[in-house]
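What follows is a set of notes on a single structure, which appears directly below.
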Amino acid sequence: MKKVVLIAIAALFSLNTFAQSEPKVGLNIGDKAPNLSFEDPNGKIISLDDLKGQMVLIDFWASWCRPCRIENPNLVKTYKQFKYAEFENAKGFTIYSYSLDKSKDAWQRAIMQDGLNWPNHVSDLAGWGAKGAQTYNVRFIPQAYLINGDGVIVGKGNNVRGANLSKLLNNLKK
């Protein structure tokens, strides 16, 4: 009888541990987003993991990308609208802008011209060879992923562009 009870307790413990385990790291909705750690224009390392607890849009873009530049006013508007919002498991919204530029001057100029006022701008200035773009399998830009306060992907692709981004964020608000 003691063996049966011990086996049952062990089974319950195993199920509980399994239920609390972290999602796998990947690029699909429900996966834990791969970490990125790159330099901002001033040489400071900004890590995606440092933004845990916030809703984060990872935005792959470049100064020379016309569709990216056309999308930027929407990102500015969305950032202003949601930066202090309360979400299910996140406080505030921010953007982690990863540039595929090769020219630091062009990158910085585009940030200023487009009024991209959030603090998280990063690049390794490697163009299409950028390590972060390789990690996220970026084949076109603009491309984006929305991650929640736990670092889990909750939106990607066209669902996090234009008016769809605002709709999704509204649905995720408390």
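The values are calculated or read from the model by the stated rules, or taken from the named source; none is laboratory data. In this text, all values refer to a predicted model and were calculated from it rather than measured experimentally. Cβ sites come from the backbone with ideal geometry, for glycine too, and all protein chains shown count toward neighbours.
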**OP:** Go through region 31-60 and give me each residue that's more than 13 Å from the chain's Cα centre (by Cα) and either over 19 Å from residue 133 (Cβ atoms) or not charged (D, E, K, R) (or both).
**Re:** 38, 41, 42, 43, 44, 45
Original post:
Do any helices (runs of 4 or more DSSP H) lying entirely in region 71-174 carry at least 2 residues that are at pLDDT 95 or above, within 16 Å of the chain's Cα centre (by Cα) and surrounded by 15 or more Cβ atoms within 10 Å (Cβ to Cβ), and which ones are they?
Top reply: 131-135, 162-172
Subject >> Tally of residues being closer than 26 Å to residue 126 by Cβ and not in a strand (DSSP E or B) across region 26-51 >> reply: 17
Subject >> Whichever residue in region 128-174 is free of Cβ contacts under 8 Å to residues at least 24 places away in the same chain and of a type in the set (D, E, K, R) and, among such residues, is nearest to residue 64 (Cα to Cα) >> reply: 139
Original post:
How many residues, within region 42-59, are in contact (Cβ under 8 Å) with a residue 24 or more places away in the chain and out of contact with any Ser or Thr (no Cβ under 8 Å at 6 or more places or on another chain)?
Top reply: 3
**OP:** Could you check, for region 142-149, whether at least one of its residues is of a type outside the set (Asp, Glu), under 22 Å from residue 37 (Cβ atoms) and in contact with a Lys or Arg (Cβ under 6 Å, 6 or more places away or on another chain)?
**Re:** yes
Original post:
Right, residue 106: in contact (Cβ under 8 Å) with a residue 24 or more places away in the chain, farther than 22 Å from residue 155 by Cβ, of a type in the set (A, V, I, L, M) and out of contact with any Phe, Trp or Tyr (no Cβ under 9 Å at 6 or more places or on another chain) or not?
Top reply: no
